[in-house]
Amino acid sequence: MKRRVVITGMGAVTPIGNTVPEFWDGIRNGTVGIGEISKFDTEAYQVKLAAEVKGFDARERMDFKSAKRMELFSQYAVAAAKEAFEDAGLHMEEEDPYRVGTIVGSGIGSLQTAEREYGKILERGPARVNPLTVPLMISNMAAGNVAIQLGLKGKCTSVTTACASGTHSIGDALRAIQYGDAEVMLAGGSESAICPTAVAGFTNLTALTTSTDPARASIPFDRDRNGFVIGEGAGIVVLEELEHAKKRGAHIYAELAGYGATCDAWHITSPAEDGSGAAKAMKLAVRESGLSKRDIGYINAHGTSTHHNDLFETRAIRNVFGTHADDLIVNSTKSMIGHLLGAAGAVELIVCVKTIREGFIHQTMGTNVLDPACDLDYAVGAPVERSVTCALSNSLGFGGHNASLLVKKYER
């Protein structure tokens, strides 16, 4: 019999705030964290905009010696994990460390390390390459560094499923607790890939917007959308077995009640045109929760602002919910923070939790005139004040990966 799992802590580093309170203030205020790329010279590039993290100083969030041995994606993960850990009120001296684990995904890891060190090979020869090149670069090091910094000796893995990495990580952590592998898991995603290789690669794939107007760059479901805005950051949640949380008097934000994961098996970059894979993931999450589809009031969509994603995800939602789709509020947090790639789903789950807690559904910023084929209520023009007891968060990734999480108001 599966054990119930609740969320007791949250941490975030985002383009509109480097803690959960700062991030949520930005969400409530409709802040758009998109601007001109400052990390490298974009003169030769078609794409000029990104959603960069601002004002982050790793020395304020961890010791300097440790920070020097991490690239940004690991630093972001550690900062968010420490916030979530402290938010949950956990004390490792009171826990069996082998029953506390972590699953933190990253879609890319550190391309910056590869760029920098390969440049050294070309310019000065292989002997000049940093001996820490591999541990700085590989994507599992976000999870590894979180475990090291917090002393988590339980299951420690890393999921890499492109833009679904954070959501799959949380889903896999849910399973670890449900079936007895752990009592507590820190889970989520982290990414920092705003660099020449990523921007050039996504641009030549025609995946990124070439808009130069930050307010009209990430515009999910809009008829004029033409690509996503690359972003960076991290989101981490503390998942805990319900009785363990109650025993230590933990504050419970919400219950994580359902998880669905599928593959389109269709195309390396495009979702299935009928949305069937994404639809099945949502159906699985709802079925596991034991709820009716009509209990769902809000969906935080993957909503990338690309033509195919927004259209096919809309079809998927209609496939699942039928006429109830017209009663749903659907929005895209990417309209404010861009696409955080492997971190996106984790940050967006935090939005779902805060929405349930506060009854505030944020506006899909920048979207003005809907694509006629995108025919749901996307919270365009203004936020929505509405009581929400159950929400879905969707993530879709290159390779055909689909993942949905269902979170609901905690009831004893």
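The values are calculated or read from the model by the stated rules, or taken from the named source; none is laboratory data. This structure is a prediction, so every number in the text was calculated from the model and none was measured. When we count neighbours, we look across all protein chains shown, and the Cβ atoms used for this are built from the backbone with ideal geometry, even at glycine. Keep in mind that these areas ignore ligands, DNA and RNA; they rest on the heavy atoms of the full protein, side chains included. Shrake-Rupley method; radii C 1.70, N 1.55, O 1.52, S 1.80 Å.
With Cβ to Cβ distances under 11 Å as the rule, what net charge do the other residues near G303 carry (K, R +1; D, E -1)? Walk me through the numbers before you get to the answer.
On the way: positive: R225, K334; negative: D222, D310, E313, E348.
That works out to -2.
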- Query: How would you rank 82-89, 267-274, highest first, on the average number of other Cβ atoms within 10 Å across their residues?
  - Reply: 82-89, 267-274
- Query: Using a ≥ b ≥ c from the Cα gyration tensor of the stretch 109-228 (square roots of the eigenvalues), is it rounded, prolate or oblate, where a/c under 1.5 gives rounded and otherwise the larger of a/b and b/c decides, a/b for prolate?
  - Reply: oblate
- Task: Mind listing the long-range amide H neighbours of G258? Cut-off is under 5 Å, sequence gap 5 or more, other chains count too, H placed in the peptide plane at 1.01 Å from N.
- Result: L406
- Item | Convex hull projection area averaged over all views, the stretch 216-255, Cα basis, nm² | 4.9
- GNM on the chain, C-alpha springs below 10 Å: top fluctuator among P372, P220, P135? P372
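For the stretch 1-155, what's the relative contact order in percent, using C-alpha pairs closer than 8 Å and at least 6 residues apart? Working shown, then result.
Working: 197 pairs, mean separation 39.1, N = 155.
Relative contact order for the stretch 1-155 comes out at 25 percent.
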- Message: Taking amide H atoms as placed 1.01 Å from N in the peptide plane, list the residues 5 or more away in sequence, or in a different chain, whose amide H sits under 5 Å from that of F228.
- Response: L208, T209
- Task: Would you pull out the residues with amide H under 5 Å of R4's amide H, same chain only if 5 or more places away, H placed 1.01 Å from N?
- Result: L242
- Using a Gaussian network for the chain with springs between C-alpha atoms less than 10 Å apart, which of these wobbles most: G201, G35, G297? G201
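With N set to the residue count of the stretch 1-139, report its C-alpha Rg divided by 2.2 N^0.38 Å to two decimal places.
Values: Rg = 18.5 Å, N = 139, 2.2 N^0.38 = 14.3 Å.
Compared with the compact-globule rule of thumb, the stretch 1-139 sits at 1.29.
When only C-alpha pairs under 8 Å and at least 6 residues apart count, what is the relative contact order of the stretch 187-240, in percent? Don't skip to the answer; put the middle values down first.
On the way: 58 pairs, mean separation 27.6, N = 54.
The normalised contact order for the stretch 187-240 reaches 51 percent.
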- Item | C-alpha center-to-center spacing [the stretch 53-117, the stretch 213-292] in angstrom | 22
- Query: Which whole-number percent is the relative contact order of the chain (Cα, under 8 Å, 6+ apart)?
  - Reply: 23
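Keeping the other protein chains in place, figure out the carbon and sulfur percent of the accessible area of the chain, with a 1.4 Å probe. It would help to have the intermediate numbers written out before the result.
Details: 7890 of 15630 Å².
Here carbon and sulfur together make up 50 percent of the probe-accessible area.
Let a ≥ b ≥ c be the square roots of the eigenvalues of the Cα gyration tensor of the stretch 331-400; is it rounded (a/c under 1.5), or, if not, prolate (a/b larger than b/c) or oblate?
Numbers: a/c = 1.70, a/b = 1.06, b/c = 1.60.
Oblate, since a/c reaches 1.5 and b/c is not below a/b.
Considering only Cα-Cα distances, which of the following residue pairs are longer than 24 Å: K246/K280; K293/K408; K153/K246; K2/K280; K48/K82; K153/K408? Each step should come with its number before you reach the end.
Numbers: K246/K280 33 Å; K293/K408 13 Å; K153/K246 22 Å; K2/K280 21 Å; K48/K82 33 Å; K153/K408 29 Å.
Too far apart for the 24 Å limit: K246/K280; K48/K82; K153/K408.
Rounded to a whole number of µm²/s, how large is the Stokes-Einstein D of the chain at 37 °C and 0.692 mPa s, given Rh as the Kirkwood radius over C-alpha pairs? Provide the component values of the computation, followed by the final result.
Working: Rh = 20.8 Å.
Once the numbers are plugged in, D ends up at 158 µm²/s.
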- Message: Quick check: Cα centre of the stretch 335-366 to Cα centre of the stretch 9-32, how many Å?
- Response: 9
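Which order do peptides 40-46, 328-334 fall in by mean Cβ count within 10 Å, highest first?
For the peptides 40-46, 328-334, the packing ranking is 328-334, 40-46.
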- Item | Cα Rg over Rh - the stretch 260-412, Kirkwood | 0.93
- Query: Which loop-located GluC sites (Glu not before Pro) does the stretch 318-386 contain, where loop means any DSSP state but H, G, I, E or B and the Cβ has at most 11 other Cβ atoms within 10 Å?
  - Reply: none
- Message: Let me cross-check S158: its accessible surface, 1.4 Å probe, with only protein heavy atoms counted, in Å² to the nearest 10?
- Response: 40
- Note on the structure: For the stretch 1-152, the per residue accessible area (1.4 Å probe, Å²) is 47
